[in-house]
Amino acid sequence: MHFADEAEIKVKAGDGGHGCTSFRREKYIARGGPDGGNGGNGGSVIFEADVNLNTLVNFVSKKHYEAKKGLYGQGRNKFGTHGDDTILKVPVGTLVYDKSNNDLIVDLTKNGQQIIVARGGLGGKGNANFVSSVRRSPDFAELGEPGEEKELKLELKLIADVAIIGYPSVGKSTLISRISNARPKIADYPFTTLIPNLGVVKVDTTDFVVADIPGLIEGAHEGKGLGIEFLKHIERTKILVHMLDVTHEELRDEYEKLNIELESYSKELAKKPQILVVNKVDSTISEIIDEIKKEFSARGGFATGGKKEKPIFISAVTGEGIDEFLYSLKDEILELRKTQNPKLKTQKKKIFRPHLEIPDAKKYTVEKTNDGFLVSGKRIEQLAIMTDMSKRGGIYRMHDIMKKVGIYREMIKMEGKLGNKIYIGEREFDFKEMD
Ligand SMILES: Nc1nc2c(ncn2[C@@H]2O[C@H](COP(=O)(O)OP(=O)(O)OP(=O)(O)O)[C@@H](O)[C@H]2O)c(=O)[nH]1
Ligand SMILES: [Mg+2]
């Protein structure tokens, strides 16, 4: 499987259902009062960050996503059902960009965090809404608002508190599978891990996310092995667990070489606190462990950014030393969380439903064009697109609104006259005489 950390997709929210034009049927009354119900709102397309995912691969194979339409309103004041939202789960650490202008829409950093990326269209109002003293039997209803449509670019920068780095086959995946819920592939050949794996670790009451990073080798920054493109995923981690393999001969040398690789990728990365872990103690003898201890302390502990002076010896297979390792990791994380914002907070708050929020109709601009006026504004554009242009009543209502909110006054100030056009979004109206 190819590791997908970028994808481009199209999303389309559901259209709002049209409002209904209908009149009550009653005995002996030719035409009863209007009773056309409202159309349902269209569903929105929503992203939700999920800590159990670690690639965007689903979005590489499927590129189009839609939410359901709202149903039409019906007679007897029956409302159309709202369209269902489409919730797309993405890994925590997904950045969402609007492809049309490359603007960052959101950086999904919290597990459970949701964002509406394409808003469903508002359901149109049925004719029962348009009764007034001067309009007793309105023969028009609003159309449903089209759902938003967007082209998005997704980019993944995984967010983990801890990243396990080291040469191939030192036992990084074995460790993450022992301490977390992650179940990566483990094998005795180099570069078994091709994409970072994430796992949630729980020590007492503290939860944190650990990433198992593919093996690095000397020259990785020049593209050797799997290269260093994965290192961008550890830019946001707090701590690096630098793992060495006790069965290798030149541990100190390997350790320094990897730190140099980190530094050639980013000085920031090289400065991150590291916990040094020497794995596979079950395959060696205590004399060798003593030798390694001496070698590290003789040279003064860490070469870069390190905090812990002495390596922790573990066996990811037998479990030896794992508790000591987990408790030092937890202490370190709690210490760092005091100064930084915790990244893995599950967000339980309900997302804000923009359907409930109608934009302010008084917020608009009027500009002169060569044959009339261009009127812009969220609400006025929404009303225009929802106007049923085949019904005089609908068009008249639009003119009434323009008068009420002051658009006509503006146009008259700018010498609006009969024959002028009024452009609002995709719709076009004719300037009328004021009565
Ligand atoms: N004896 C012993 N073998 C271990 C230990 N930890 C891992 N191994 C073995 O080492 C080999 C490599 O383990 P992995 O966990 O796949 O190593 P890795 O660091 O993830 O390797 P890459 O993904 O290729 O970078 C496997 O055969 C493991 O069974 C350990 O504590 N003791
Ligand atoms: Mg591995």
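Please treat every number below as a calculation from the coordinates, not as lab data. Just so you know, these numbers come straight off a predicted model, no measurement behind them. No Cβ is skipped: glycine too gets one built from the backbone with ideal geometry, and neighbour counts run over all protein chains shown.
For this structure, a couple of remarks:
- The range 6-157 - percent relative contact order, Cα under 8 Å, separation 6 or more: 37
- Taking the inverse of the mean reciprocal distance over all distinct Cα pairs, the Kirkwood hydrodynamic radius of the range 173-229 comes to 12.3 Å.
- Positive dipole terminus of the range 162-339, leading residue within Val317, Val246, Ile289 (C-beta point charges): Val317
- Think of the chain as having a plus end and a minus end, set by charges on the Cβ of Lys, Arg, Asp and Glu; of Ser376, Gly75, Leu56, Gly75 sits farthest toward the positive end of this dipole.
- Per-residue ³J(HN,Hα) for the range 215-220, Karplus 6.51 cos²θ - 1.76 cosθ + 1.60, θ = phi - 60°, Hz, x for Gly and Pro: x, 10, 9, 4, x, 4
- For the chain, the convex hull spanned by the alpha carbon atoms encloses 192 Å³ per residue.
- Total charge dipole magnitude, the chain, about the Cα centre, Cβ charges on Lys, Arg, Asp, Glu only, Debye to nearest 20: 2960
- Estimated vicinal HN-Hα couplings, Hz - the range 186-195 in sequence order (Karplus 6.51, -1.76, 1.60; Gly, Pro = x): 10, 7, 8, 10, x, 6, 5, 7, 9, 9
- Taking the C-alpha atoms of the range 162-339, convex hull volume expressed per residue in Å³: 105
- Normalised contact order of the chain, rounded percent, pairs of Cα under 8 Å and 6 or more residues apart: 13
- Between Thr247 and Asp331, the C-beta separation translates, for a Förster distance of 25 Å, into a calculated FRET efficiency of about 0.30.
- Distance from the C-alpha centroid of the range 135-208 to that of the range 10-86: 30 Å, rounded to the whole angstrom.
- Rg/Rh for the range 360-430, where both radii come from Cα atoms and Rh is the Kirkwood radius: 0.92
- For Ile87 and Lys267, a Förster radius of 35 Å and the Cβ-Cβ distance give a FRET efficiency of 0.35, rounded to the nearest 0.05.
- Dividing the helix sum by the residues of the chain, where each DSSP H run of 4 or more adds -39500 (n - 2.57), gives a mean residue ellipticity at 222 nm of -6500 deg cm²/dmol.
- Applying a DSSP loop filter and a limit of 16 other Cβ atoms within 10 Å to the trypsin sites (Lys or Arg not before Pro) in the range 1-68 leaves Arg24, Arg25, Lys27, Arg31, Lys62, Lys63.
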